[in-house]
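First the structure, in the form of structure tokens, and then the observations on it.
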Amino acid sequence: MIGFIFKILLRIGLNAGAIYLATNYIPGVNFSGNLKDYAIFGLVAFLANSIIKPIIKLITKPLIWITFGLFSIIINMFILYGLDYYFPNLVINGLIPLFWASIIFAIANII
């Protein structure tokens, strides 16, 4: 039970860290907030990646197979765009910053 809670807290922290890295290293990605805002964003990103992403992956499984998994990047971009719409603190200006931020989030979720 403690290991399960630790994994959840780790994924929330990794999502918060991913937005922090994206904000600092990708021009066009801005997140104005304090540590509490990062934690809330990490929690919502964890929930989106745990609930919404598997459903979308199940629906688009043939596209993922045809593109050898590259469509997963589009799914990550879709999830991150939804988070951008939901959080007024997060501003992603353009498709290129959205792409690179989704790559950072994909790496954080693989870990």
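The values are calculated or read from the model by the stated rules, or taken from the named source; none is laboratory data. This one's a predicted model, so the numbers in the text were calculated from it and none came from an experiment. Counting neighbours? That spans all protein chains shown, and the Cβs are built from the backbone with ideal geometry, glycine included. To get the accessible areas, we keep the full protein, side chains included, count just its heavy atoms, and leave off ligands, DNA and RNA. Shrake-Rupley method; radii C 1.70, N 1.55, O 1.52, S 1.80 Å.
If the condition is being surrounded by 14 or more Cβ atoms within 10 Å (Cβ to Cβ) and of a type outside the set (A, V, I, L, M, F, W, C), then the stretch 89-110 contributes ASN89, PRO97, SER102, ASN109. Per the listing LYS7, LYS57, the residue uniquely open to solvent by less than 80 Å² (accessible area, probe 1.4 Å) and either part of a helix (DSSP H, G or I) or more than 18 Å from ILE110 (Cβ to Cβ) (or both) is LYS57. Taken together, the residues in the stretch 60-70 that are open to solvent by 50 Å² or more (accessible area, probe 1.4 Å) and either closer than 20 Å to ALA108 by Cα or of a type in the set (Asp, Glu) (or both) amount to 1. Residues that are of a type in the set (S, T, N, Q) and in contact (Cβ under 8 Å) with a residue 12 or more places away in the chain were ranked within the stretch 13-49; the one that is surrounded by the most Cβ atoms within 10 Å (Cβ to Cβ) is ASN15. Among the residues of the stretch 14-51, those identified as farther than 17 Å from ALA101 by Cβ and part of a helix (DSSP H, G or I) are LEU35, LYS36, ALA39, ILE40, LEU43, LEU47, SER50, ILE51.
Can you find a residue in the stretch 78-88 that is of a type in the set (D, E, K, R), open to solvent by less than 90 Å² (accessible area, probe 1.4 Å) and under 18 Å from GLY17 (Cα atoms)?
Yes.
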